[in-house]
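The block underneath contains the structure these notes are about, expressed in structure tokens.
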Amino acid sequence: MSKNTSPSVQKEINAFMRGLKKRNPGQKEFHAAVLEVVSSLIPYVIEHPKYRDAQILERLSEPDRTVSFRVTWEDDAGNIRVNRAWRVQFNNSIGPYKGGLRFHPTVTESVLKFLGFEQVLKNSLTGLPMGGAKGGANFNPKGKSDREVMRFCQSLMIELHRHVGEDTDVPAGDIGVGAREISYLFGQYKRLENRFVGILTGKGLSFGGSLVRTEATGYGCVYFCQDILDQIGDSLEGKTCVVSGSGNVAIYTVEKATSLGATVVGMSDSSGFIHDPDGIDPEKLAYLKDLKEVKRGRISEYVEHYPEATFHADKRPWRIPCDVAFPCATQNEISLSDAETLIKNGVQVVCEGANMPTELDAMNLLLQSKVLFGPAKAANAGGVAVSGLEQSQNALRLSWSREEVDERLNGIMRSIHTKCVEYGQEPGSDYINYVNGANIAGFIKVADAMLAYGVV
Ligand code: NDP
């Protein structure tokens with residue numbers, strides 16, 4: 001129970017969660033995501049009975065539909081392989097479903113429901129007309145040849161094409177689904193439907209992709225952090241940062257933070273972290289980009305190239321003292337003890353590039369300790385925002401310049417920040433609770449649309 005929650009509100013939260021757990025047994029990631037959100041929303045809904053009378057929270061936490069299907073494909077050795085895939089279409093009250101596809105062995109329906117639920121509020125925060133969805137498969141692209149990945153993607157699209165469409169559901173990439181996978185998926189859709197339309201985002205630039213989409217989540221996360229610091233009259237200039245991960249979000253977080261004058265001294269991958277006290281400058285980042293994006297290598301190789309850095313196997317980077325922590329790898333990567341270490345070392349801001357990287361008890365401790373905390377649904381909304389801009393460009397059959405997209409991205413992140421401040425300012429204090437701010441601001445738009453539709 002958070003320190004500021006009254007016993008009667010806590011009782012309602014507990015009752016709500018009991019019902020949700022009963023309806024969704026064993027889905028612990030989904031339970032955690034809903035608990036985080038309803039802890040902010042139940043106090044708000046109690047004060048605004050129109051949402052309570054219409055059972056909006058009960059409706060919002062039940063996906064519109066979940067499609068689950070088998071994906072059969074053949075590996076290079078001629079073996080028949082079987083995976084399971086899902087598309088969770090969570091809520092389309094304010095626009096067509098939108099959200100990434102994840103290929104990773106840890107993908108389950110519970111993980112996709114947690115991500116889809118978060119996506120509804122995140123997409124609402126961007127101010128763009130997008131509903132929320134998430135999909136993926138328990139397929140591991142690591143160690144597979146390009147042809148194997150292609151055959152998997154083509155087989156998956158044979159089912160998925162029935163459920164997507166430019167006005168229905170527009171998937172994008174996520175962990176394990178990058179430009180290569182989106183291209184195979186789009187090529188297969190085109191073949192099946194004989195239509196060239198923007199049914200996926202994250203496409204290549206020569207076939208409808210948007211400039212800055214690759215950089216958008218990382219850049220957006222740093223813009224959001226800059227807005228947080230600006231709110232207290234500070235900036236990223238001169239700050240020491242640690243970024244977990246070394247994938248798409250992490251790399252462009254490091255690039256933008258460095259360009260704004262910060263020094264990034266740590267990064268990681270699933271094998272451990274590197275600590276480079278001199279900072280990962282643009283030349284070192286270019287090496288890392290090539291290592292991770294092209295050669296698909298391990299981060300430990302960095303220290304062979306830059307011996308002033310050290311590699312720490314199977315450890316998380318949060319023990320490195322820093323002013324700003326950007327968790328950009330995966331969910332549940334900051335535990336309570338990681339949060340304690342960050343606080344002990346004087347962290348000022350934690351800004352989530354990944355989806356729900358901070359465990360709930362760790363997040364509550366950071367909030368109670370008045371660390372400025374940028375939650376994923378606000379801080380990493382830049383990716384889906386530029387995906388929304390890609391949809392607009394596709395519909396207009398236009399391509400905007402790099403500067404134009406970047407400017408719009410920066411503007412969207414600023415407006416998300418403003419909304420979070422409006423709903424997250426703690427009474428009688430200067431502290432902004434961005435978790436409450438993002439949950440409430442994202443909720444209102446979707447909830448009002450649901451109210452307007454009546455009982456559906
Ligand atoms: P990538 O697959 O490009 O990178 C993921 C990174 O996280 C890799 O460095 C990977 O290491 C590391 N990682 C994965 N699992 C673990 C683990 N269990 N422990 C430690 N490190 C791990 O993914 P993205 O950068 O695209 O996505 C990262 C996060 O950001 C995800 O939570 C995603 O949902 C979220 N996100 C992404 C968006 C986007 O536009 N890409 C948009 C919004 C959110 P390794 O190389 O060893 O696999």
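The values are calculated or read from the model by the stated rules, or taken from the named source; none is laboratory data. These numbers were taken from a predicted model, which means no experiment stands behind them. So basically every Cβ, Gly included, is an ideal-geometry build from the backbone, and we count neighbours across all protein chains shown. The accessibility values were calculated without ligands, DNA or RNA, using every heavy atom of the protein model including side chains. Shrake-Rupley method; radii C 1.70, N 1.55, O 1.52, S 1.80 Å.
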Query raised in the report: Can you pull out the helices (runs of 4 or more DSSP H) entirely within the stretch 361-456 that have at least 2 residues that are away from the ligand (no atom under 16 Å from the Cβ)?
Result: 382-396, 402-424, 434-453
Query - Pick from the stretch 235-250, criterion aliphatic (A, V, I, L, M) and either outside the structural domain of Glu333 (by TED's automatic domain parsing) or near the ligand (Cβ under 7 Å from one of its atoms) (or both), ranking: nearest to Ala179 (Cα to Cα) - result: Val249
Query raised in the report: Do we have Val37 as farther than 21 Å from Gly424 by Cα and touching a residue at least 60 places away in the same chain (Cβ under 8 Å) here?
Result: no
Query raised in the report: among the small types (Gly, Ala, Ser), over 21 Å from Ala441 (Cβ atoms) and within 21 Å of the chain's Cα centre (by Cα), is that true of Ala77?
Result: no
**Report entry** Elements of type strands (runs of 3 or more DSSP E) contained in the stretch 222-318, each with 2 or more residues being open to solvent by less than 10 Å² (accessible area, probe 1.4 Å)
**Finding:** 240-243, 263-269, 272-275
Requested in this report: Determine if the stretch 206-217 includes at least one residue that is closer than 19 Å to Lys98 by Cα, more than 12 Å from the ligand (Cβ to nearest atom), among the small types (Gly, Ala, Ser) and more than 19 Å from the chain's Cα centre (by Cα).
Outcome: yes
Requested in this report: Look at Gly454 and say whether it is surrounded by fewer than 24 Cβ atoms within 10 Å (Cβ to Cβ), more than 18 Å from the chain's Cα centre (by Cα) and on the phi > 0 side of the Ramachandran plot.
Outcome: yes
Requested in this report: Among the residues of the stretch 140-193, write down those that are within 16 Å of the ligand (Cβ to nearest atom), more than 17 Å from Gly99 (Cα to Cα) and open to solvent by 60 Å² or more (accessible area, probe 1.4 Å).
Outcome: Lys142, Gly143
Query raised in the report: When Lys144 is evaluated against the numbered criteria (1) part of a loop (DSSP other than H, G, I, E, B); (2) closer than 27 Å to Gln27 by Cβ; (3) modelled with pLDDT of 95 or more, which criterion, by number, is the only one it fails?
Result: (2)
